[in-house]
Amino acid sequence: MKKPLSKPSSKPLYKRALLKISGEALMGDRGYGQDPKVIDRICRDIKNTISMGVELCLVVGGGNIFRGIDGESNGMERASADYMGMIATVLNALAIQNCLERMGVDTRVLSAINMMQVCEPYIRRRAERHMERGRVVIFAAGTGNPFFTTDTAAALRANEMGCDVLMKGTQVDGVYDADPRKTKNARLFKNLSYHEVLVRDLKVMDASAISLARENQIPILVFSIHNKDGVREAVCGKGKFTLITDKT
């Protein structure tokens, strides 16, 4: 079992982490696409985090460009819509890679759908070798299969890479009992169990992702990706966040 967070520290509490970034987080105040300023801030936070010795890999969503579930609701066949969403994640992964490399961070994009001209295919041992060499690995195209979300891909890759924690950067600073953007007195949960998330249907991640993390005892740390130095602080147990483990 991975060690859960204890008290806040100036040093990272986890050696290897997977960071899940939603596509919507990359929009900033825009209604569509990518905001270069937001991507720059997130990448600078990632750089500061790995400078502390943390081995970091990423899974990025594509909802700022295309969401498969939205395509289905508009009459598109679900599998085709999901494949379009996977391709959108590759666009975001390449944007993050470009930004990180401009900052001097060695980075690799590995796609679950083969796109040899623009990125490497996902091979588990290759990904592990990249991480051992200190590179930030960005996993794109979800699991490579329709009907699975990038949340599930994040839980899967976190397990395959032997990560100590799955960090989900969201639009708000943790898991609440109601949407804090709509409900004034919404209550932040500091700690939750996997079972509580599923029973309460809290929607922080889809059920298959939560179940996969529970089965492999990978803590899920939910925080706001919009806070300055949010990733670095969360790794050290600082700031606002919700920690999901097998115990509360």
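When you look at Glu101, is it of a type in the set (D, E, K, R) and in contact with a strand residue (DSSP E or B) (Cβ under 8 Å, 6 or more places away or on another chain), yes or no? Yes; evaluated as a whole, the condition is true for this residue. Pairing residues of segment 133-160 that are on the phi > 0 side of the Ramachandran plot and part of a loop (DSSP other than H, G, I, E, B) with residues that are surrounded by 24 or more Cβ atoms within 10 Å (Cβ to Cβ) and among the hydroxyl-bearing types (Ser, Thr, Tyr), at Cβ distances under 7 Å and at least 6 apart in sequence or on separate chains, gives Ala141/Thr89; Ala141/Ser111; Gly142/Thr89; Gly142/Thr150.
Just one of Met205, Met167 is part of a strand (DSSP E or B) and either surrounded by fewer than 20 Cβ atoms within 10 Å (Cβ to Cβ) or touching a strand residue (DSSP E or B) at 6+ places or on another chain (Cβ under 9 Å) (or both); which is it?
Numbers: Met205 fails: part of a strand (DSSP E or B).
Sole residue among the options that is part of a strand (DSSP E or B) and either surrounded by fewer than 20 Cβ atoms within 10 Å (Cβ to Cβ) or touching a strand residue (DSSP E or B) at 6+ places or on another chain (Cβ under 9 Å) (or both): Met167.
The condition of being of a type in the set (A, V, I, L, M, F, W, C) and either part of a loop (DSSP other than H, G, I, E, B) or surrounded by fewer than 16 Cβ atoms within 10 Å (Cβ to Cβ) (or both) holds for only one of Ile244, Ile218, that being Ile218. What do you reckon, is Asn185 polar (S, T, N, Q), farther than 25 Å from Arg30 by Cβ and touching a residue at least 24 places away in the same chain (Cβ under 8 Å)? Here the answer is no, as Asn185 does not meet what is asked. When each of Leu110, Leu100 is tested for being crowded, with 20+ Cβ neighbours inside 10 Å, in contact with a Cys (Cβ under 6 Å, 6 or more places away or on another chain) and at pLDDT 95 or above, the lone residue that passes is Leu100. For segment 148-161, the count of residues that are more than 21 Å from Ser211 (Cα to Cα) and in contact with a strand residue (DSSP E or B) (Cβ under 7 Å, 6 or more places away or on another chain) is zero.
Against the definition (part of a loop (DSSP other than H, G, I, E, B), more than 13 Å from the chain's Cα centre (by Cα), modelled with pLDDT under 95 and not basic (Lys, Arg)), how does Met52 come out, yes or no? Against the criterion (part of a loop (DSSP other than H, G, I, E, B), more than 13 Å from the chain's Cα centre (by Cα), modelled with pLDDT under 95 and not basic (Lys, Arg)), Met52 does not qualify. Looking across Leu13, Leu19, Leu58, one residue alone is part of a loop (DSSP other than H, G, I, E, B), modelled with pLDDT of 95 or more and buried (at least 20 other Cβ atoms within 10 Å of the Cβ). It is Leu13. What about Met86, is it surrounded by 15 or more Cβ atoms within 10 Å (Cβ to Cβ), under 18 Å from the mean Cα position of the chain (by Cα) and closer than 16 Å to Pro146 by Cβ? Against the criterion (surrounded by 15 or more Cβ atoms within 10 Å (Cβ to Cβ), under 18 Å from the mean Cα position of the chain (by Cα) and closer than 16 Å to Pro146 by Cβ), Met86 qualifies. Here Leu192 meets the list (1) in a strand (DSSP E or B); (2) closer than 22 Å to Ala25 by Cα almost entirely, failing just condition (2).
The values are calculated or read from the model by the stated rules, or taken from the named source; none is laboratory data. Owing to the predicted nature of the structure, the values given are computational and were not obtained by experimental measurement. Counting neighbours? That spans all protein chains shown, and the Cβs are built from the backbone with ideal geometry, glycine included.
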